[in-house]
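Working notes, structure below.
The values are calculated or read from the model by the stated rules, or taken from the named source; none is laboratory data. Small disclaimer: the values here were computed from a predicted structure and weren't measured. Ideal geometry is used to build each Cβ from the backbone, glycine not excepted, and the neighbour counts take in all protein chains shown. Heavy atoms of the whole protein, side chains included, go into the accessibility calculation; ligands, DNA and RNA do not. Shrake-Rupley method; radii C 1.70, N 1.55, O 1.52, S 1.80 Å.
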Amino acid sequence: GDSVTQMEGPVTLSEEAFLTINCTYTATGYPSLFWYVQYPGEGLQLLLKATKADDKGSNKGFEATYRKETTSFHLEKGSVQVSDSAVYFCALRGSSYKLIFGSGTRLLVRP
Amino acid sequence: DAGITQSPRHKVTETGTPVTLRCHQTENHRYMYWYRQDPGHGLRLIHYSYGVKDTDKGEVSDGYSVSRSKTEDFLLTLESATSSQTSVYFCAISELSTGNTEAFFGQGTRLTVV
């Protein structure tokens, strides 16, 4: 079945550092890919998405490119802020109606 | 924000009792999902619905049942609650149309089984 694997956290960075959170997937066909963010005590919010190969999703300085050849959708940000501290989830929606999530990566940004 | 309301937001119940969680949407979205979130496991799909009276199991469906008699409501029932079902439960809704495949989440229900 479909699945998502993302790097384990926590990831601890200093403010203005470069961020990469790795995400790879297994799916049949051409899934849509997503990054969601969860701030403490809140539900999940969509951060960005990509619906076909080579698409780049971007939002709030975060980017991720849909790489079908490597089945990856890595999240990047050039300069993180303390306010980016949260849990980040990679997800896919494949040929079924299911929306499948990775286990989440906690990011902690120190001043 | 998408119109999704989960109720109750917090509940403490005793082992062996039945519990029903409600998800209500005002967006008329076709797809609805129930997830549980536990440390180290991310979000795991319990059940989902692709229309009124159309539901299917997710990866952790044992001990849970669902019903969807109206487009706007998706109920999750724990037939006989166990301590392993202590978790935070999230409802999500989605449509499936060109350029619009993402899901929107409720605020969650924290359930404690004692």
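Worth pointing out:
- When you filter the GluC sites (Glu not before Pro) in segment A:43-82 for DSSP loop state and at most 13 other Cβ atoms inside 10 Å of their Cβ, you are left with A:Glu69.
- A cut-off under 15 angstrom between Cβ atoms defines the neighbours of A:Gly94, and their net charge, with Lys, Arg +1 and Asp, Glu -1, is +1.
- Relative contact order (%) - criterion: Cα under 8 Å, at least six apart; region: segment B:1-65: 22
- Cα-centre dipole for segment B:35-90 with unit charges at Cβ (Lys and Arg positive, Asp and Glu negative), debye to 20: 60
- Selection among A:Leu92, A:Leu107, A:Gly57 by position relative to the dipole of chain A gives A:Leu92 as farthest towards the positive end (Cβ unit charges, Cα centre).
- Ignoring lysines fewer than eight residues from B:Lys53 along the same chain, the ones with Cα atoms less than 17 angstrom from its Cα are A:Lys98, B:Lys70.
- Estimated buried accessible area (total), pair B and A, 1.4 Å, Å² to nearest 100: 1700
- Å² per residue, accessible surface of the protein assembly as shown at 1.4 Å: 47
- Scoring A:1-9, A:29-37 by mean Cβ neighbours within 10 Å over their residues and listing the highest first yields A:29-37, A:1-9.
- Mean Cα-pair separation over length for segment A:9-91, i.e. relative contact order, pairs under 8 Å, 6 or more apart, %: 38
- Accessible carbon and sulfur surface of segment B:1-53 relative to its total accessible area, %, 1.4 Å: 47
- Whichever aspartates and glutamates have a C-alpha closer than 16 Å to that of A:Lys60, once near sequence neighbours (fewer than 8 apart) are set aside: A:Glu15, A:Glu16, A:Glu76, A:Asp84
- Relative contact order, whole percent, for chain B stands at 34, derived from Cα pairs under 8 Å and 6 or more residues apart.
- Per residue of peptide A:40-52, the mean number of Cβ atoms on other chains within 10 Å of the residue Cβ is 4.
- 17 Å Cα-Cα reach of A:Lys56 towards lysines, excluding residues that sit fewer than 8 places from it in its own chain: A:Lys68, A:Lys77
- For the segment B:49-60, counting C-beta atoms of other chains within 10 Å of every residue's C-beta and taking the mean gives 1.
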